[in-house]
1. Go through the range 280-299 and count every residue that is over 17 Å from residue 45 (Cβ atoms) and either in contact with a Lys or Arg (Cβ under 8 Å, 6 or more places away or on another chain) or assigned to a helix (DSSP H, G or I) (or both).
2. Of all residues being acidic (Asp, Glu) and more than 16 Å from ligand 1 (Cβ to nearest atom) in the range 165-181, which is surrounded by the most Cβ atoms within 10 Å (Cβ to Cβ)? Just the residue, please.
3. Kindly indicate which of 121, 55 is in contact with a strand residue (DSSP E or B) (Cβ under 7 Å, 6 or more places away or on another chain), within 16 Å of ligand 2 (Cβ to nearest atom) and not β-branched (Val, Ile, Thr).
4. Working only within the range 86-103, note down all residues that are more than 15 Å from ligand 2 (Cβ to nearest atom) and either in a helix (DSSP H, G or I) or among the polar types (S, T, N, Q) (or both).
5. Which residue pairs have Cβ atoms under 8 Å apart, sit 6 or more places apart or on different chains, and have a first residue in the range 170-196 that is within 25 Å of residue 244 (Cα to Cα) and a second that is of a type in the set (Ser, Thr, Tyr) and part of a loop (DSSP other than H, G, I, E, B)?
6. If you scan the range 215-259, which residues turn out to be touching a strand residue (DSSP E or B) at 6+ places or on another chain (Cβ under 6 Å) and away from ligand 1 (no atom under 14 Å from the Cβ)?
7. Please specify each residue of the range 128-164 satisfying the condition of being touching a strand residue (DSSP E or B) at 6+ places or on another chain (Cβ under 6 Å), crowded, with 23+ Cβ neighbours inside 10 Å and part of a loop (DSSP other than H, G, I, E, B).
8. Filter the range 204-214 down to residues that are in a helix (DSSP H, G or I) and more than 15 Å from ligand 1 (Cβ to nearest atom) and give me whichever is nearest to the chain's Cα centre (by Cα).
Amino acid sequence: MLIEKFIAHIARKKNAAYLQFSPRVSHTIPRKRSDTPLLLYVHVPFCEELCPYCSFNRVVFDEALARPYFEALRKEVLMYKDLGYDFGALYVGGGTPTILIDELANTVELIKKTYRIMEVSVETNPNHLTDANIGILKEIGVNRLSVGVQTFDDGLLKTIGRYHKYGSGEEIAERLRSTQGKFNTLNADMIFNFPTQTMAILEEDLSRLTGLKVDQITYYPLMVSDYTKGVMSEKVGAVKYGRGREFYMRITDRLASLYDPTTAWCFSRADGMIDEYVVNYEEYAGLGSGSIGYIGGNVYANTFDIVDYVRRIGRGEFPVVAKRECSIKERLLYDFLMKLFGLHLDLTELGRKYGEEADEYLRWEIAFFKAVGGLEQREHILSLTKKGQYYWVIMMREFFIGVNNFRDYCREIAQLSSHSH
Ligand SMILES: C[S@@+](CC[C@H](N)C(=O)[O-])C[C@H]1O[C@@H](n2cnc3c(N)ncnc32)[C@H](O)[C@@H]1O
Ligand code: SF4
C-alpha cells in the first residue's frame with residue numbers, strides 16, 4: 001500500500017537523522033535531576049550461537065569474557081546509585097541473559113538490594129527453561145519471563161537456524177506448557193513475515209499459541225538492518241515488507257477472542273500484565289555494552305566493544321561513547337511514537353509535560369494520521385484505530401531498524417579503533 005510505503009520512508013529518514021551522533025568521544029552521565037520514575041535496562045550480549053536474522057547487539061558466548069562482563073555490570077549498577085538514581089523496574093535483555101544463571105542471579109539480587117525495583121523482566125531461550133533455571137529465576141523475583149519462540153514450524157526453525165539449538169516446535173511448546181503459570185507473565189516472542197513463512201505456517205503457529213494460552217504474545221514484524229541484509233537474504237531469503245499487513249491482520253483477528261492488544265504488537269490475556277516498558281517508562285538508563293539510555297531528553301550509548309566496556313568500568317569511568325541532546329520537537333515526537341505504540345496518548349498530560357503548545361508541535365503528524373484513518377480523538381485522548389495499529393507497527397519497525405543501523409555503525413567504529421591500537 002502506498003500510504004504504508006510513505007510512512008515507512010518518512011520514518012526511516014527521520015530515524016536516520018535523529019540517530020546521528022559521533023560515537024568516538026567519552027561522555028558521562030549527569031546526576032539525577034528529576035523524580036520521573038526510571039526503568040533500568042541491562043544488556044547481556046552473549047548467545048550460544050548467532051541467529052542469522054538477528055541484528056541486536058550480541059556475540060558468541062565466551063565464559064572468559066562473560067564473567068568479567070557481569071562483574072563490570074554490577075559495578076555500573078553502583079555507579080548510577082552514586083549519582084542519586086533510583087529505578088522502579090528492571091528489564092534484562094539480550095543476547096541471552098540466562099547464559100550464566102549464577103551471574104544473572106547475583107546481578108539481579110544486587111540491583112534489587114540497591115534500588116526500589118517493583119518488577120523484573122528477563123529474556124531467555126527455550127533450552128534454558130529447565131527446572132533448575134526456573135527455580136532460580138523465581139527465587140530472584142522475576143515477574144515476567146520472555147521466551148524467544150519465533151515459530152513452531154520445524155522447517156522454518158531450521159531455516160532460521162534455531163531447530164538444532166532450541167528444539168522442534170513440539171519441544172518448544174512442551175517447555176512453554178511446563179513454564180506457564182509459574183510467573184506473573186510468561187511471554188512468547190514471535191516473528192511474522194519471514195520470507196519463507198506462508199499464511200498456513202502462521203495459522204498453525206496461531207493455533208498452537210491459542211492452544212497453549214501463554215499469558216502474553218509479542219508478535220514482531222521481521223526487521224532487517226543494513227548490516228544483516230546480506231546474511232539474511234543468503235540464509236533466510238529476501239524480505240518483502242509489503243506482505244506484512246496481511247500477516248498482521250490475521251494475527252490480530254485470530255488473537256482477538258483470547259487476548260487484548262496492549263501495544264501495537266503485544267497481546268495480553270489479562271489486565272495488569274507487564275509489557276512494553278518503553279510505553280510505561282518515559283525514561284530509562286541503559287547498562288551494559290551497547291545499551292542505549294534516554295535520560296533528561298538526552299540519548300546515551302555505551303561502547304559496543306565488550307573488552308573496552310570492561311576496561312572503562314574497571315577505571316571507574318562511565319562507558320558512554322555517544323550522546324545526543326534531543327530538541328523539544330524530537331522529544332515530543334518520541335513521546336508521540338511511544339505513547340501511541342501503547343495505543344493511546346493523553347494530550348492533556350503531554351501539555352503538562354511540555355507546555356500548552358505541545359500539540360501545536362505535533363499538528364502535522366496528528367492531522368496526517370487522522371486523515372489516513374489511523375488516529376481518532378475523543379476529547380483529549382488520541383487513540384489508534386485498527387488501521388493505525390499497523391501504521392505504528394511500521395513506524396516502530398523502522399525505529400528499531402534505525403537503532404540497529406546505529407549500533408552496526410558503532411560496532412564498525414569499535415572494530416576500526418581496536419585494529420588501530
Ligand atoms: C533480541 S532477542 C533476545 C532474547 C533471546 N535471545 C531470543 O532469541 O528470544 C528478543 C526477541 O527479539 C526478536 N527479534 C530478534 N531479531 C529480530 C528481527 N530481526 N526482527 C524482528 N524481531 C527480532 C525475537 O522475537 C527475539 O525473540
Ligand atoms: S535472536 Fe536471540 S538467540 Fe538469536 S542471536 Fe538474537 S539474541 Fe541471540
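The values are calculated or read from the model by the stated rules, or taken from the named source; none is laboratory data. The structure displayed is predicted, hence computed values, not measured ones. Don't worry about glycine lacking a Cβ; one is built from the backbone with ideal geometry, like all the others, and counts go over all protein chains shown.
1. 5
2. Going through the qualifying residues, I end up with 174.
3. 121
4. Of everything in the range 86-103, those that are more than 15 Å from ligand 2 (Cβ to nearest atom) and either in a helix (DSSP H, G or I) or among the polar types (S, T, N, Q) (or both) turn out to be 101, 102, 103.
5. Taking only residues 6 or more apart or on different chains, the pairs are 190/151; 191/53; 191/151; 194/53; 194/151.
6. 215, 255, 259
7. Across the range 128-164, the qualifying residue is only 142.
8. 206
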